[in-house]
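Colleague: Please find one structure pasted underneath; my questions will follow.
The values are calculated or read from the model by the stated rules, or taken from the named source; none is laboratory data. In this text the structure is predicted, and so the values were computed from the model without any measurement. Neighbour counts run over all protein chains shown; Cβ positions are idealised from the backbone, glycine included.
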Amino acid sequence: MTDFPYSLTRLGLLMAPEPGNELEVEGVLNPASVRGADGALYLLPRLVAAGNVSRIGLAKIEVADGAPIGVSRAGIALAPDRSWEHGAQNAGVEDPRVTFVPELGLNVMTYVAYGPLGARTAVAVSRDERSWKRLGPVTFEYDDELGVDLGLYPNKDTVFFPEVVDDPDGVPSFAVLHRPSWDLRDIRPGEVARPPVGLPDERPSIWMSFVPVAEVEQDLGALTWWRHHRVVAWPQARFEHTKIGSGPAPVRVEEGWLLIYHGVTGELVPGVAQQKAVNYAAGGMILDAQEPWKVLQRTAEPLLSADTADERSGIVPNVVFPTAIEEIEGRRFVFYGMADSKIGVARLDHT
């Protein structure tokens, strides 16, 4: 297999907690990105207040010489003000991903609603960077072939493709990546992991589901009803031995679809929201252009690892967590969380 055709070059720190800002005392991290109504680029960072309570902020990206150099804060895009975004010990709207879907003329946000049943995916939409309409938590069609109701499990790392694709039955659909987890101990103490029967690998992996375009045209709320589930990729390389999850929305490239994702090694401790014994790195995959559930190529080594002080020291040490890609003056840049505390930026190059 040839070398992976894309690389990441670290450019440095982009955003850190603002001194004295009570909404950011436990970090700014894992941002989405969006092109604003004014034509400017914005980040939607996860802002973490005391007690690990998260909001989704808004910050305008400052650019110089064709590259991001900083941000200016512009308020709050989404706060945990729904009952299903509040748990017994935690609350939050977390780790957003935003995909502009031309077919709908909308920015489609997926985010983690941390509520009474733990981490659940939810969807919101907007025509700009500020006015987000919640469509609600995601529900999953029961899959008898897999023998699984994915609605029973925590789910994170979800992101929509920007273009319509045909599902495995040939139906024009909106495709979405997600990552269910079978360990229920965080929401039901004493419970054991209950993965689908016959699944060859029980580690958290990247899945894909679909929503028919025709249904969304009739009812935008259909964006929350996912079906035709299948596994795209399981952990494979050494840097992703524990689990993998999607990063930013896939980018259409000459080789197919480029997916930047994260791989995790180390020990995950049940019941702990902010893990300490893990290591997150960024990898890459090329997915088939016509059948994006098929992986054509993937990295054997990380594209970016936790090597700097900002990436190695923080709320969760040793974390590089990519969540957004934007093009600026003909070049693509990846925005990523640093140690669950800050936000960095790297340049994405075709090698």
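Colleague: Of the residues G92, G39, which single one is more than 16 Å from A324 (Cβ to Cβ) and in contact (Cβ under 8 Å) with a residue 24 or more places away in the chain?
Modeller: Details: G39 fails: in contact (Cβ under 8 Å) with a residue 24 or more places away in the chain.
Step by step, each of G92, G39 is checked, and only G92 is more than 16 Å from A324 (Cβ to Cβ) and in contact (Cβ under 8 Å) with a residue 24 or more places away in the chain.
Colleague: Looking at region 79-100, which of its residues are in contact with a helix residue (DSSP H, G or I) (Cβ under 9 Å, 6 or more places away or on another chain) and either of a type in the set (S, T, N, Q) or surrounded by 18 or more Cβ atoms within 10 Å (Cβ to Cβ) (or both)? Even if it seems obvious, please write down each step before you answer.
Modeller: As a first pass, look at region 79-100 and keep what is in contact with a helix residue (DSSP H, G or I) (Cβ under 9 Å, 6 or more places away or on another chain): 79, 91-93.
Of everything in region 79-100, those that are in contact with a helix residue (DSSP H, G or I) (Cβ under 9 Å, 6 or more places away or on another chain) and either of a type in the set (S, T, N, Q) or surrounded by 18 or more Cβ atoms within 10 Å (Cβ to Cβ) (or both) turn out to be A91, G92, V93.
Colleague: Where the second residue is of a type in the set (G, A, S) and surrounded by 14 or more Cβ atoms within 10 Å (Cβ to Cβ) and the first is closer than 17 Å to D169 by Cα and lies in region 214-233, which pairs have Cβ atoms under 7 Å and are six or more apart or on separate chains?
Modeller: E215/A222; W226/S209; R227/S209; H228/S209; H229/S209; V231/S205
Colleague: Looking at region 275-314 only, could you name the residues that are outside any loop (DSSP other than H, G, I, E, B) and in contact (Cβ under 8 Å) with a residue 60 or more places away in the chain?
Modeller: Going residue by residue through region 275-314, those that are outside any loop (DSSP other than H, G, I, E, B) are 278-287, 295-298, 304, 309-312.
A282, G284, I286, V295, Q297, R298, L304, D310, listed by residue number.
Colleague: Can you pull out the residues in region 189-207 that are part of a loop (DSSP other than H, G, I, E, B), modelled with pLDDT of 85 or more and either within 23 Å of the chain's Cα centre (by Cα) or surrounded by 12 or more Cβ atoms within 10 Å (Cβ to Cβ) (or both)? Explain how you work it out, then say what you get.
Modeller: Filtering region 189-207 down to residues part of a loop (DSSP other than H, G, I, E, B) leaves 189-205.
Filter once more, keeping what is modelled with pLDDT of 85 or more: 199-205.
Hits for region 189-207 are L199, D201, E202, R203, P204, S205.
Colleague: Scan region 158-214 residue by residue and report those that are among the basic types (K, R) and closer than 19 Å to V98 by Cα.
Modeller: First, the residues of region 158-214 that are among the basic types (K, R): 179, 185, 188, 194, 203.
Selection gives R179 alone.
Colleague: Right, something else. Within region 156-172, can one find any residue that is among the polar types (S, T, N, Q) and either buried (at least 24 other Cβ atoms within 10 Å of the Cβ) or at pLDDT below 95 (or both)? Talk me through it step by step, then tell me what you get.
Modeller: Restricting attention to region 156-172, the residues satisfying the condition of being among the polar types (S, T, N, Q) are 158.
Checking the rest, the ones that are also either buried (at least 24 other Cβ atoms within 10 Å of the Cβ) or at pLDDT below 95 (or both) come to 158.
Looking through region 156-172, at least one residue is among the polar types (S, T, N, Q) and either buried (at least 24 other Cβ atoms within 10 Å of the Cβ) or at pLDDT below 95 (or both).
Residues checked against (1) assigned to a loop (DSSP other than H, G, I, E, B); (2) more than 30 Å from I76 (Cα to Cα); (3) in contact with a Cys (Cβ under 9 Å, 6 or more places away or on another chain):
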{"position": "E129", "(1), (2), (3)": "yes, no, no"}
{"position": "R134", "(1), (2), (3)": "no, no, no"}
{"position": "L146", "(1), (2), (3)": "yes, yes, no"}
{"position": "V159", "(1), (2), (3)": "no, no, no"}
{"position": "P162", "(1), (2), (3)": "yes, no, no"}
{"position": "D169", "(1), (2), (3)": "yes, yes, no"}
{"position": "A175", "(1), (2), (3)": "no, no, no"}
{"position": "H178", "(1), (2), (3)": "no, no, no"}
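Colleague: Tell me which of these L177 doesn't satisfy, since it passes every other one: (1) within 21 Å of the chain's Cα centre (by Cα); (2) of a type in the set (A, V, I, L, M, F, W, C); (3) surrounded by fewer than 16 Cβ atoms within 10 Å (Cβ to Cβ).
Modeller: Here L177 clears every test but (3).
Colleague: Taking G105 and the conditions (1) crowded, with 18+ Cβ neighbours inside 10 Å; (2) over 20 Å from the mean Cα position of the chain (by Cα); (3) over 19 Å from W182 (Cβ atoms), which numbered condition does it fall short on, given that it satisfies the others?
Modeller: It fails just one condition, (1).
Colleague: From the residues in region 232-257 that are hydrophobic (A, V, I, L, M, F, W, C) and not in a strand (DSSP E or B), which one is surrounded by the most Cβ atoms within 10 Å (Cβ to Cβ)?
Modeller: Of the residues in region 232-257, the ones hydrophobic (A, V, I, L, M, F, W, C) are 232-234, 237, 239, 244, 249, 251, 253, 257.
Now restrict to residues that are not in a strand (DSSP E or B): 234, 237, 239, 249.
Numbers: W234: 16, A237: 16, F239: 23, A249: 27.
Checked region 232-257; the qualifying residue surrounded by the most Cβ atoms within 10 Å (Cβ to Cβ) is A249.
Colleague: Out of region 142-155, which residues are surrounded by fewer than 16 Cβ atoms within 10 Å (Cβ to Cβ) and either at pLDDT 95 or above or in contact with a helix residue (DSSP H, G or I) (Cβ under 9 Å, 6 or more places away or on another chain) (or both)?
Modeller: The answer is Y142, and nothing else.
Colleague: Restricting attention to region 9-67, which residues are assigned to a helix (DSSP H, G or I) and either surrounded by 21 or more Cβ atoms within 10 Å (Cβ to Cβ) or of a type in the set (G, A, S) (or both)? I'd like the intermediate steps shown before the answer.
Modeller: Filtering region 9-67 down to residues assigned to a helix (DSSP H, G or I) leaves 22-24.
Result: E24, single match.
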